[in-house]
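J.: One structure coming up, written as structure tokens, with questions to follow.
What follows draws every value from the coordinates through simple rules; no lab data is involved. Fair warning: this is a prediction, and the values are worked out from it, not measured in the lab.
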């Protein structure tokens with residue numbers, strides 16, 4: 001994804017960078033530390049490897065994540081949040097908190113408990 005020529009405001013650009021089903025979830029998973037492609041694929045239910053790689057590339061192109069590549073066989077790659085990604089994570093934490101509130105209001109505590117969001 002490329003940055004468009006014109007935007008009406010900075011929020012529109014930020015939205016373009018993070019829009020989609022998977023990018024916020026990927027950033028949320030990376031809050032736990034460096035991780036491999038295989039771990040991300042395992043931890044994000046419903047994503048396929050092609051989509052994961054595509055979304056990681058876009059997040060990397062915008063400086064939200066970085067990757068370390070280690071020599072050897074098999075080749076090992078770890079993804080991590082950059083400083084910009086950490087800053088974006090602050091917004092995602094707020095969105096997560098609102099989601100928890102809404103799920104509680106709608107009687108979905110069992111899901112939150114199963115996933116460790118509440119006791």
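J.: Given an 8 Å cut-off on Cα distances and at least 6 residues of separation, report the relative contact order of the chain as a percent.
T.: 22 percent
J.: Further question: Based on DSSP H runs of at least 4 residues, each adding -39500 (n - 2.57), what is the mean residue ellipticity at 222 nm of the chain after dividing by all its residues, to the nearest 500 deg cm²/dmol?
T.: -17000 deg cm²/dmol
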